[in-house]
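Readers should treat all values here as calculations from the given coordinates under stated rules, not as data from a laboratory. Since we're looking at a predicted model, the values are computed, not measured. Cβ: placed from backbone, ideal geometry, glycine included. Neighbour counts: every protein chain shown.
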């Protein structure tokens, strides 16, 4: 499968979904990225989508539905996603919330047996740099 020009290649500090920004990102299906969550507002750019840019060193590209098991796993790894952080506008996540996860953290959870389910249409194609489509598909909630 040939890869399209990655929106990553063009330097930009604005969200691809904002006026004046680049063309929006593509999902792992090669189609325009669908929103992941507006409540809570997610994404590296807090635009509701798992858009990315060269500034997104964590690659927040996997749209996942939080589970209690994953939230505990993430907290144990030093990234407490459950506790609100009002100064940063972060409400804290609960099981059932959708959130754009770092691709490496999702893969780490996969290896530990606690990867949360995902939404492929809302997962940026850059996730394929970390995990194969076949593996992602096994965790997809939006295929049926």
Discussion item. For the list (1) surrounded by fewer than 17 Cβ atoms within 10 Å (Cβ to Cβ); (2) touching a residue at least 40 places away in the same chain (Cβ under 8 Å); (3) touching a strand residue (DSSP E or B) at 6+ places or on another chain (Cβ under 9 Å); (4) more than 19 Å from residue 71 (Cβ to Cβ), I need the number of the one condition that residue 126 fails.
Written reply: (1)
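Out of all the residues in the range 82-96, which are part of a loop (DSSP other than H, G, I, E, B) and surrounded by fewer than 19 Cβ atoms within 10 Å (Cβ to Cβ)?
Once the filter is applied, which keeps residues that are part of a loop (DSSP other than H, G, I, E, B) and surrounded by fewer than 19 Cβ atoms within 10 Å (Cβ to Cβ), the range 82-96 yields 82, 83, 84, 89, 91, 92, 94, 95, 96.
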Worksheet, complete the sentence: From the option list 90, 70, single residue qualifying as touching a residue at least 40 places away in the same chain (Cβ under 8 Å), over 25 Å from residue 125 (Cβ atoms) and out of contact with any strand residue (DSSP E or B) (no Cβ under 7 Å at 6 or more places or on another chain) is 90
